[in-house]
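Working notes for the structure below.
Readers should treat all values here as calculations from the given coordinates under stated rules, not as data from a laboratory. Bear in mind the structure is a predicted one, so any value in this text is a computation, not a measurement. A quick note on method: Cβ atoms are made from the backbone with ideal geometry, for glycine too, and the neighbour counts reach across all protein chains shown.
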Amino acid sequence: GLRRNEGYTVAGINQTPLAADLSQQDSSLFGLISYADSRPLATRGYDFAVRTLKIRFANSAIAAFTSQIALAVGELFGAAVTRQPPGGNSIELDLDGFYQKHGDTGSYVFSEATPATFAASGDPVLSAVQVTKAQFATQTTPAQSTTVQTVFSFWGTLAFENLPVGSAATGGQSTLDLFSYDSLAYSGMKLWMSFPSSDPATRSFSFDPSQMAFDLASSTARADSLASHFPVTATGILVSDASKTPGDYGLLPVDTDLDTTPVAPTWFGLSFDLNLGTLGALADSVGLVASLVLAWAPGQPGLPVFVGLKLPGATGAANELTVEGVLKFTMFAVTLAYDGTAFLLTFNGIALSLFGKSLPPGASFDIFIFGDPDPAAGANSLGWYGAYQKT
């Protein structure tokens, strides 16, 4: 039954002699399976091969198991990637497999032999994805199912670019470091592989970062970045479906100095919790936590980046909040800027209305929220002031 390149199977039975009454006890099997596949993997997209497989049976049980599998990873977060430093197949990841038995339960564990860094090509936001650990597992498949579902799980770090503002042609170039991280430690990045049980060579792959989690204690944010000056906590990756825009997820647009272009599916969003503090000592000590999403769309022209904010209680992408369907807050615009020392989040032209009547009549507010300029304190500190303007 071996299909590729080379391999052999040897098997035998330790026959139990017949007893005097002609009864027979159970016999035991022994054997060896050896298999190798050296075919080249695809150099783009995803591909998979079992490089070696050796299984020794004794007494009708697995006595030894070793294997190596190869996974071609040519795309991550929608961007083409290559392994660094280049050499051989520039996108191949090798995983070594072992059989482990805990009590009466056995399992097959495949893990990455050598940490690998994949550099993104042509992505203005994502710089590189490092894989420090990888595992491969086959999911439990219902007996009636004709499809086998497997999953590769990855641990490592993400590196993001510092986004440019302006250019030399417009009098100089500065940056707005929203994505913040040279090294954002992650877990739970997955690549699903499925195939019909009748035809294992017909495989389909699906990249899934939606279950990623971050270890901020093991991460490194740049000194002039948003994460170093604002009380934001990276919480995960938002993945768009085939048709939704950021507004469909209830995100209010936030204006920045970046010269951005629209994002179109499929896009990804680095999600943060933004801690706005509490309502004070006279109210329940419940924190006000907003969601800040930095969305980007690989492979699209220009700088396809969208900065979105979802405030507590917001239900849509309009610049307004409604409390109990009665009290309404509307905003003219929300902006996020960096002045070289601190980040400033501004809510411009806030108006309050109760049953359609402005409160107070003929006036609006501006609210300014800013992080501590000191990077050592900026990740935990927040200040604000407000301006009341009568029309």
Cβ-Cβ FRET estimate between VAL109 and LYS244, R0 fixed at 35 Å, reported to 0.05: 0.40
Separation of the SER174 and TRP192 label points, Cα + 7 Å toward Cβ, nm: 4.5 nm
Efficiency of FRET from Cβ geometry, LEU288 and GLN211, R₀ 22 Å, rounded to 0.05: 0.25
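With a Förster radius of 56 Å, plug the Cβ-Cβ distance of ASP182 and THR202 into 1/(1 + (r/R0)^6) and report the FRET value to the nearest 0.05. If you can, show how the numbers build up before the last one.
On the way: r = 40 Å, r/R0 = 0.72.
Efficiency, rounded to the nearest 0.05: 0.90.
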Reach of LYS54 by Cα under 19 Å, taken over lysines that are not fewer than 8 positions away in the same chain: LYS101
